[in-house]
Amino acid sequence: MRFLSLERLGVKVAAISEMSDGDCGGLAARSAFCAGLDMDAGDLVTGRQVHGIEVAVAGEEDRGRCYAGTDGLLTDVAGLPLAVFVADCAPVYLVDPVRRAVGLVHAGREGVRQGIAELAARLMVERLGCRNEYIHALIGPSAGPCCYEVSEPMAEQFRALGLPVEGRHLNLWESNALQLAQAGIPRGQIEVSGDCTICGGRFFSYRRDGGTRRNMAVICL
């Protein structure tokens with residue numbers, strides 16, 4: 001699945017693999033998916049994701065690197081692909097078409113609770129010289145508010161943070177959008193794909209299927 005709205009902003013590719021592309025947690029499917037995007041999987045900059053808020057700024061010297069304990073990636077290097085792996089958590093794509101910088105964030109329940117998308121947007125400004133009014137964001141496929149039911153104590157934690165909850169259903173899409181807006185990104189520049197990984201049938205879902213199969217989100221200037 002390609003996000004042409006972001007590619008129109010001047011990125012080479014913004015995409016996420018689907019079930020039909022295979023398990024991109026594995027090297028074979030990952031390589032095939034990248035080849036279809038005219039990219040080399042060996043160039044991917046990734047993070048060993050821990051549902052935390054560490055965000056790394058990658059340079060040319062980091063091509064092919066996997067950052068330890070990292071859930072967000074930023075770069076202003078053309079041709080350097082960033083990737084995160086998801087299976088109900090939300091990939092958040094960030095693009096500044098003026099400064100020519102991009103980011104990609106793994107923002108699931110714990111990431112949202114800790115504000116990783118807002119942090120990544122602020123770091124684009126602080127570390128890469130972006131301006132928040134120029135940044136565009138897209139919140140990709142994830143567990144939707146239709147299906148993402150959690151325990152009452154977890155739902156109450158989100159309510160206490162002022163994040164949207166309906167009954168015991170979390171809304172990762174709107175939660176990430178609110179936090180991006182708090183970072184100064186105009187709401188009109190925040191897009192939500194609206195694809196639920198649990199009930200939509202196009203993407204791997206940990207909640208629906210269990211196991212370790214993953215969708216891979218990528219972005220590259």
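Computed from the coordinates by the stated procedures, all read-outs in this text should not be read as laboratory data. As the structure is a computational prediction, the values presented were derived from the model and not from experiment. Note that each Cβ is placed from the backbone with ideal geometry, even for glycine, and that neighbours are counted across all protein chains shown.
Whole-Hz Karplus ³J(HN,Hα) for the range 79-86, in order, using 6.51 cos²θ - 1.76 cosθ + 1.60 and θ = phi - 60°, x for Gly and Pro?
Listing the rounded values in order: x, 9, x, 9, 9, 10, 10, 9 Hz.
Report the extension gain between residue 126 and residue 4 in nm, rounded to one decimal, defined as 0.36 nm multiplied by the number of residues separating them, less their alpha carbon distance.
The residue 126-residue 4 span can extend by a further 41.2 nm.
Taking every DSSP beta bridge with both residues inside the chain, roughly what % is antiparallel (nearest 5)?
So the antiparallel bridges amount to about 70 percent of the total.
Quick one: dipole size for the range 1-64, taken about the Cα centre, charges +1 on Lys/Arg Cβ and -1 on Asp/Glu Cβ, in debye to the nearest 20.
For the range 1-64, the charge dipole is close to 180 debye.
Modelling each spin label as a point 7 Å along the Cα-to-Cβ direction, I'd like the residue 68/residue 156 distance in nm, to one decimal.
3.8 nm
Near the amide H of residue 44, under 5 Å away, which other amide H atoms are found, from residues 5 or more places off or on another chain, if H is placed in the peptide plane?
64
Report, in debye and to the nearest 20, how large the dipole of the chain comes out about its Cα centre when Lys and Arg carry +1 and Asp and Glu carry -1 on their Cβ.
With only Lys, Arg, Asp and Glu charged at Cβ, the dipole is about 80 debye.
Before anything else, pin down the relative contact order of the range 1-153: Cα pairs under 8 Å, at least 6 apart, normalised by residue count, whole percent.
Relative contact order for the range 1-153 comes out at 19 percent.
With r defined as the distance between the Cβ atoms of residue 38 and residue 100 and R0 fixed at 30 Å, what FRET efficiency is calculated, to the nearest 0.05?
0.95
Could you tell me the center-to-center distance, by alpha carbons, between the range 196-215 and the range 4-27 in angstrom?
16 Å
For the range 132-160 and the range 45-92, what is the centre-to-centre distance using only Cα atoms, to the nearest Å?
Using only Cα atoms to place each centre, the spacing works out to 20 Å.
If you plug each phi of the range 183-200 into the Karplus form 6.51 cos²θ - 1.76 cosθ + 1.60 with θ = phi - 60°, what whole-Hz ³J(HN,Hα) values come out, in order, with x for Gly and Pro?
Once θ is set to phi - 60°, the couplings for the range 183-200 become 7, x, 6, x, 4, x, 9, 10, 10, 10, 5, x, 9, 8, 6, 7, 9, x Hz.
Quick check on the chain: take the gyration tensor over C-alpha atoms, sort the square-rooted eigenvalues as a ≥ b ≥ c, and tell me if it's rounded (a/c under 1.5), prolate or oblate.
oblate
Calculate one ³J(HN,Hα) per residue across the range 41-58 by plugging θ = phi - 60° into the Karplus curve 6.51 cos²θ - 1.76 cosθ + 1.60, and present them in order as whole Hz with x for glycine and proline.
With coefficients 6.51, -1.76 and 1.60, one gets 4, x, 8, 4, 9, 10, x, 7, 6, 10, 6, x, 10, 6, 10, 9, 9, 9 Hz.
Between residue 174 and residue 31, what length in nm is gained on full extension when 0.36 nm per residue of separation is reduced by their alpha carbon distance?
Result for the pair: 48.2 nm of gain on full extension.
Let me make sure I get this right: for the range 132-195, a, b and c are the square roots of the gyration tensor eigenvalues over alpha carbons, sorted descending. Under 1.5 in a/c it's rounded, otherwise prolate if a/b > b/c, else oblate. Which is it?
Since a/c reaches 1.5 but b/c is at least a/b, the shape of the range 132-195 is classed as oblate.
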